[in-house]
Every structure is written in structure tokens, then in C-alpha cells.
Amino acid sequence: MELLENHWQAQTGIQARMAEPSSAVDRVLIIAYRKKKKESQRRFWARFGVTQSRGSRFESGAEIPAPVAILLGLYFTKTVSDADLGRAERVLYSRDAAALFNPGQ
């Protein structure tokens, strides 16, 4: 897990910003982390708003979109926790959030 954190922290440099956000190394580390935590693809990827099938494609080599890559980076550098992601999801699906996104309704 420390290797994964070091990798994501290294990705925050200027040179890393120019690199592709979803390299094969990232995928290998993500898979290793998920398996070490003994989490299913469904449970792991759901915290980032990704379905199991899409997460499986990411793990198999599909490009990870920038917003998901950013969330992964924040998660692995411990800037964002499971609790933070859970709160964000609850707010997103609450009635109050619907009013924010659709003010005229």
C-alpha cells in the first residue's frame, strides 16, 4: 500500500501532470490495492461512482477518465477518505442536491 501512495504522490509533480493519468502501472497498483483490501470490483469502484463492469474495463486497460483518475489520486494520497466519498454521494442523491442542480423545479 505504501508503494501505491508513493506512486500517487510522485504523480503530483510537474512532469507527472504531463504524463497520461492512467498508465498500466496505475492499473496494476489499483488492482493490488483492491485485492489487498479484499474488496470486490463492485464495492471498490462504486466509491468513485463507477460501475463494476466499467471498473473491470479500467483494470483491463481502458483509459480512466480524468475525473475518476483525480478521485483515485486524492483517495490514494489520503486527501479524500471513504467517509468523504460517502458524504458526497449522499449529498449528490439527496432532494436538496436536486434543487441545487435544477433550481427552477
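The values are calculated or read from the model by the stated rules, or taken from the named source; none is laboratory data. Just so it is clear, the structure is predicted and the values come from calculations on it, not from any experiment. As a convention, Cβ positions derive from the backbone with ideal geometry for all residues, glycine included, and neighbour counts pool all protein chains shown.
Is there any pair linking a residue in the stretch 48-62 that is over 17 Å from L85 (Cα atoms) to one that is surrounded by 14 or more Cβ atoms within 10 Å (Cβ to Cβ) and among the aliphatic types (A, V, I, L, M), with Cβ under 6 Å and at least six apart or on different chains, and which?
Cβ pairs passing all conditions: F58/I64; E59/I31.
Check whether at least one residue in the stretch 41-51 is loosely packed, with under 12 Cβ neighbours inside 10 Å, at pLDDT 90 or above and not hydrophobic (A, V, I, L, M, F, W, C), and report yes or no.
No: the stretch 41-51 contains no residue that is loosely packed, with under 12 Cβ neighbours inside 10 Å, at pLDDT 90 or above and not hydrophobic (A, V, I, L, M, F, W, C).
Enumerate the helices (runs of 4 or more DSSP H) found wholly within the stretch 65-105, keeping only those where 1 or more residues are modelled with pLDDT of 80 or more and touching a Ser or Thr at 6+ places or on another chain (Cβ under 6 Å).
Values: elements: 66-76, 82-92, 95-101.
Hits in the stretch 65-105: 66-76.
Of all residues in the stretch 38-54, how many are part of a loop (DSSP other than H, G, I, E, B) and either touching a strand residue (DSSP E or B) at 6+ places or on another chain (Cβ under 8 Å) or farther than 13 Å from I64 by Cβ (or both)?
Counting residues in the stretch 38-54 that are part of a loop (DSSP other than H, G, I, E, B) and either touching a strand residue (DSSP E or B) at 6+ places or on another chain (Cβ under 8 Å) or farther than 13 Å from I64 by Cβ (or both) gives 5.
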